[in-house]
1. Name the single residue, out of those in region 34-43 being surrounded by 13 or more Cβ atoms within 10 Å (Cβ to Cβ) and in a loop (DSSP other than H, G, I, E, B), that is modelled with the lowest pLDDT.
2. Working only within region 29-43, note down all residues that are β-branched (V, I, T) and closer than 13 Å to M1 by Cβ.
3. In region 19-31, is there at least one residue being at pLDDT 90 or above and open to solvent by 50 Å² or more (accessible area, probe 1.4 Å)?
4. Identify, by number, the condition in (1) part of a helix (DSSP H, G or I); (2) over 9 Å from the mean Cα position of the chain (by Cα); (3) at pLDDT 85 or above that Q46 doesn't meet.
5. Return the residue satisfying two criteria in turn: it lies in region 4-14 and is closer than 20 Å to E51 by Cβ and surrounded by 12 or more Cβ atoms within 10 Å (Cβ to Cβ), and of such residues it is nearest to the ligand (Cβ to nearest atom).
6. Give me a count of the residues in region 31-49 that are more than 16 Å from the ligand (Cβ to nearest atom) and β-branched (V, I, T).
Amino acid sequence: MIFINPRGAPELACDHCGCRWVDRTNGNHCYECGSEITTAAIEEFQQALVEFSAKGAGQQDNAK
Ligand SMILES: [Zn+2]
């Protein structure tokens with residue numbers, strides 16, 4: 001599950017409980033419920049980060 005935070009940046013969240021602390025743990029498990037974070041979810045998140053970086057480079061000037 002991927003959330004978009006108010007600044008438009010993607011955040012990886014747990015598929016089970018929706019918490020966003022999955023990146024704070026070792027072993028790709030949810031901090032809250034212990035569910036495993038799938039490789040597919042991580043790849044999707046990293047793709048979203050790449051897309052955000054590409055977009056963010058053009059939008060930062062407008063935000064100032
Ligand atoms: Zn969870």
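The values are calculated or read from the model by the stated rules, or taken from the named source; none is laboratory data. Predicted model, so just to flag it, every value in this text is computed and none were measured. Cβ coordinates were reconstructed from backbone atoms using ideal geometry, including for glycine residues, and neighbour counts include every protein chain displayed. Ligands, DNA and RNA are stripped out before the accessible areas are found, and what is left, the full protein with its side chains, is counted by its heavy atoms. Shrake-Rupley method; radii C 1.70, N 1.55, O 1.52, S 1.80 Å.
1. If we filter region 34-43 for residues that are surrounded by 13 or more Cβ atoms within 10 Å (Cβ to Cβ), which is where we start, we get 35-37, 41-42.
Now narrow it down to the ones that are in a loop (DSSP other than H, G, I, E, B): 35, 37.
Values: S35: 90, I37: 87.
In this case the residue turns out to be I37.
2. Taking region 29-43 first, the residues β-branched (V, I, T) are 37-39, 42.
The answer is I37, T38, I42.
3. Here is the first cut: in region 19-31, the ones at pLDDT 90 or above are none.
No, region 19-31 has no match at all.
4. Unmet condition: (2).
5. Initial filter on region 4-14 (closer than 20 Å to E51 by Cβ): 4-13.
Still in the list and also surrounded by 12 or more Cβ atoms within 10 Å (Cβ to Cβ): 9-13.
Details: A9: 20, P10: 17, E11: 13, L12: 11, A13: 8 Å.
That would be A13.
6. 1
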